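Chemist: Shown below is the structure under consideration.
The values are calculated or read from the model by the stated rules, or taken from the named source; none is laboratory data. The structure displayed is predicted, hence computed values, not measured ones. No Cβ is skipped: glycine too gets one built from the backbone with ideal geometry, and neighbour counts run over all protein chains shown. Keep in mind that these areas ignore ligands, DNA and RNA; they rest on the heavy atoms of the full protein, side chains included. Shrake-Rupley method; radii C 1.70, N 1.55, O 1.52, S 1.80 Å.
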Amino acid sequence: MTKIYGLIFGSGWAGFGRDDSGSEVETAFGLPSGPVYRMCFGDVGVFCLARHGDAHTIPPHLVNYRANVLALKKAGAEAIIGLNTVGVVSGLCKPGDLAVPSQLIDYTWGRQHTIYDSRRGNVIHIDFTSPFSEALCKDLLAAATGVGVACHDGGVYAVTQGPRLETAAEIDRLERDGADFVGMTLMPEAAIAREAGLEYACLAIVVNEAAGRGDRPIHAAVDANTAAARNATMSTLEAFFAAV
Ligand code: HPA
């Protein structure tokens, strides 16, 4: 294996498959959402972190994204895969599928969004034209395809503030803006990873039609699709780590 990987798990994954009890990793921006623990995929150990904390108590706008990314870096990670559950805005794919987005639009506000947050340091303006590592995206897609998982190549992830879900009119607006997926947790995580010099890609887990798009309540869709999407995600990750 050429790189050391970190995984940030989102909703519904806290504590999943851990192989040790984890360790508290203090960073310049405080403590991350929970312990950094190891999870083995075959014989590959990966540093993992539950984005919303072990008991899923931290809402998207209160996650300490800076500490999460820096804790994984401190543990040794060189590349991070973010698992993010999303709703699908456009007709690009369906609930139960996975996607590896190629772009994002950030609608969040008031989050601690940069590690360059001092009046005394250098001002660094990262190039964020392409927010994700192309190589990592390619490898994730190849892994999903190889195990027969439906995984959409590309698309635009709109990041909303939450924790409430969107109105139907807000989703219409996101679609006019060019969004294909909507979720609450990709930013500022992806930008902070770039600032920290880490590769980053998002494996989006599509669990519902976005507000106003489906013919059933959003929570019913999430409940109906989560288990299958979770299996697809695990198969994809196993194939990914077997190949890298
Ligand atoms: N909107 C925002 N975040 C989400 C959604 C959604 O429809 N589904 C999963 N995370």
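Chemist: In whole Å, how far is the Cα centre of the stretch 74-110 from that of the stretch 133-191?
Modeler: 4 Å
Chemist: For the stretch 1-80, give me the percentage of DSSP beta bridges that are antiparallel, rounded to the nearest 5 percent.
Modeler: Within the stretch 1-80, antiparallel bridges account for around 55 percent of the total.
Chemist: Ranked from the most accessible area to the least, with a 1.4 Å probe and all protein chains present, what is the order of Ser90, Ser21, Ser130?
Modeler: Highest to lowest solvent-accessible surface, that is Ser21, Ser130, Ser90.
Chemist: What residue among Ser130, Cys93, Leu141 has its Cα farthest toward the positive end of the dipole of the stretch 85-159, where the charges are +1 on Lys, Arg and -1 on Asp, Glu, each on the Cβ?
Modeler: Toward the positive end, the furthest listed residue is Ser130.
Chemist: Can you pull the percent of the stretch 109-244's accessible area that's carbon plus sulfur, 1.4 Å probe, other chains left in place?
Modeler: After summing per-atom areas, the C and S share lands at 51 percent.
Chemist: Give me the accessible area of Tyr107, 1.4 Å probe, in Å² rounded to the nearest 10.
Modeler: The accessible area of Tyr107 comes to roughly 50 Å².
Chemist: May I pose another question? At a 1.4 Å probe radius, which order do Met184, Met39 fall into by accessible area, largest first?
Modeler: Per-residue accessible area, sorted high to low, gives Met184, Met39.
Chemist: From the helices alone, meaning DSSP H stretches of at least four residues, give me the mean residue ellipticity at 222 nm for the chain, per-run term -39500 (n - 2.57), in deg cm²/dmol to the nearest 500.
Modeler: Calculated at 222 nm, the ellipticity per residue is -9000 deg cm²/dmol.
Chemist: Also, I was wondering about something else. How big is the antiparallel share of DSSP beta bridges in the chain, given as a percent to the nearest 5?
Modeler: In the chain, DSSP labels about 30 percent of beta bridges as antiparallel.
Chemist: Once R0 is set to 30 Å, what does the formula 1/(1 + (r/R0)^6) return for the Cβ-Cβ distance between Thr167 and Thr114, expressed as a FRET efficiency to the nearest 0.05?
Modeler: 0.55
Chemist: Name the helices (complete DSSP H segments) of the chain with a Cα length along the long axis of 24 Å or more and a Kyte-Doolittle mean of at least -1.0, or state none.
Modeler: Span-like helices in the chain: 218-243.
Chemist: Okay, moving on. Counting Lys +1, Arg +1, Asp -1, Glu -1, what net charge surrounds Val123 among other residues with beta carbon under 13 Å of its beta carbon?
Modeler: Taking every Cβ under 13 Å from that of Val123, the sum is 0.
Chemist: May I ask you to compute the full-extension gain from Ala28 to Met234, defined as 0.36 nm times their residue separation minus their alpha-carbon distance, rounded to one decimal in nm?
Modeler: Residue separation times 0.36 nm, minus the Cα-Cα distance, leaves 71.0 nm.
Chemist: By how many nm would the segment from Ser90 to Thr2 lengthen if fully extended, with 0.36 nm per residue of separation less the alpha-carbon distance?
Modeler: Separation in residues times 0.36 nm, less the Cα-Cα distance, equals 28.1 nm.
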